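Beneath this line is the structure, given in structure tokens, with notes to follow.
A short reminder: the numbers here are calculations on the coordinates, not readings from a lab. Just so it is clear, the structure is predicted and the values come from calculations on it, not from any experiment. Note: ideal-geometry Cβ built from the backbone for every residue, glycine included; neighbour counts use all protein chains shown.
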Amino acid sequence: MENVKILERIKAKFPEAVVADQDCCGDLQVTVSNDAFIEVMQFLHDDEQLGFDLLIDILAIDNSARRRKPPRFEVVYVMISMDSFDRLLVKLPVVEGEDVPTVTGIWQAANWAEREVFDMMGIRFAGHPDLRRVLMWDDFEGYPQRKDFPLEGKDFDEKWDPDTIEVL
């Protein structure tokens with residue numbers, strides 16, 4: 001299905017939910033409002049004509065260097081329809097400290113990806129079945145992929161034991 005027709009189908013069902021759209025290198029990118037986010041995602045998955053049944057990835061972008069006003073983050077969902085091989089990116093603007101509803105009830109593949117976004121960016125997913133760190137250790141302070149995280153790390157100049165990962 002052409003990107004224009006995908007966009008028309010989404011806008012026909014949720015006229016107020018689509019905040020922005022863009023065709024970038026052949027991929028349709030749709031920014032949706034927080035109010036209708038879960039309904040839009042469920043529709044994208046369940047609709048017989050669209051059928052975005054494969055969630056490829058979830059990622060987050062920290063816009064603090066480019067944008068001085070909220071929302072600081074964008075959470076991006078990359079999906080593919082296995083029937084038509086259409087690709088869609090859904091963007092959700094997120095204010096710092098705001099929870100994002102989990103989509104693990106729609107795509108089980110979201111479980112690990114949401115945990116990774118939480119671990120690296122500090123964005124919490126409301127209703128997630130097991131939201132805990134997946135890459136960093138439990139006592140790690142901060143979120144390494146945020147723009148305000150120090151490039152050298154927080155305790156770069158302190159001596160530490162490589163066996164226990166504790167500061168001496």
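Worth a mention:
- The calculated pair-distance distribution of segment 91-149 uses every alpha carbon pair, bins of 10 angstrom beginning at 0, and gives 23, 54, 22, 1 percent.
- The distance between label points at CYS25 and ASP130 comes to 3.3 nm (points 7 Å beyond Cα on the Cα→Cβ vector).
- Projected label points at GLU98 and PHE149, each 7 Å from Cα along the beta carbon direction, are separated by 2.2 nanometres.
- Taking Cβ atoms as reference points and 11 Å as the exclusive limit, the residues near ALA126 contribute a net charge of -2, counting Lys and Arg as +1 and Asp and Glu as -1.
- Extending 7 Å from Cα along the Cβ direction at ASP83 and again at GLU48 yields two label points whose distance is 0.8 nm.
- Cα-based Rg of the chain normalised by 2.2 N^0.38 Å, two decimals: 1.18
- Tensor-based shape of segment 32-96 (alpha-carbon gyration tensor, a/c under 1.5 rounded, otherwise prolate or oblate): prolate
- Remark: the GLU16-GLN108 segment gains 30.4 nm on full extension, using 0.36 nm per residue and subtracting the alpha carbon distance.
- Shown here for segment 31-94: chymotrypsin sites (Phe, Trp or Tyr not before Pro) in loop regions (DSSP other than H, G, I, E, B) with at most 14 other Cβ atoms within 10 Å, namely PHE85.
- Excluding exposed DSSP-loop GluC sites (Glu not before Pro) (at most 12 other C-beta within 10 Å), longest clean stretch of the chain: 49-140
- On Cα atoms only, tilt of 3-13 relative to the major axis of the chain in degrees: 90
- Sparsely packed loop sites in segment 10-76 (the trypsin sites (Lys or Arg not before Pro) outside DSSP H, G, I, E and B with at most 15 other Cβ atoms within 10 Å) comprise ARG66, ARG67, ARG68.
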